[in-house]
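The values are calculated or read from the model by the stated rules, or taken from the named source; none is laboratory data. Because the structure is a prediction, the values reported are computed rather than measured. With ideal geometry, Cβ positions are generated from the backbone for all residues, glycine too; neighbour counts draw on all protein chains shown. Surface accessibility is based on the protein's heavy atoms, side chains included, excluding ligands, DNA and RNA. Shrake-Rupley method; radii C 1.70, N 1.55, O 1.52, S 1.80 Å.
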Amino acid sequence: MFDVLTIAALADELTDTALDGRIQRVGHLDARTIAAEIYAGRRRRYLIASAESEQPRLFLSDTEPSFDTQ
């Protein structure tokens, strides 16, 4: 479970790096994980969101994940 400070830090990071960005594409990484390619500040970043019961997560990555091509 996330606390208020963690959520505030996530909101600050997303505001600094992805605000006014353009979503280029969205895809599945697995059954419970999605990724969005965001172009902002002349850089591509990847927002990964997972709803796994053991390890839920939300993070930005500079490395392109392997999107579902089907």
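Would the range 35-43 turn up any residue that is farther than 27 Å from ASP3 by Cβ, within 13 Å of the chain's Cα centre (by Cα), open to solvent by 100 Å² or more (accessible area, probe 1.4 Å) and not aliphatic (A, V, I, L, M)? No, the conditions are met nowhere in the range 35-43. Of the residues making up the range 10-42, those that are without any contact (Cβ under 8 Å) to a residue 24 or more places away in the chain and part of a strand (DSSP E or B) number 11. Count of the range 17-33 residues, restricted to those that are open to solvent by less than 60 Å² (accessible area, probe 1.4 Å) and modelled with pLDDT under 90, is 2. Applying the criterion of being touching an Asp or Glu at 6+ places or on another chain (Cβ under 9 Å) and assigned to a loop (DSSP other than H, G, I, E, B) to the residues of the range 43-64, the residue that is nearest to LEU19 (Cα to Cα) is GLU64.
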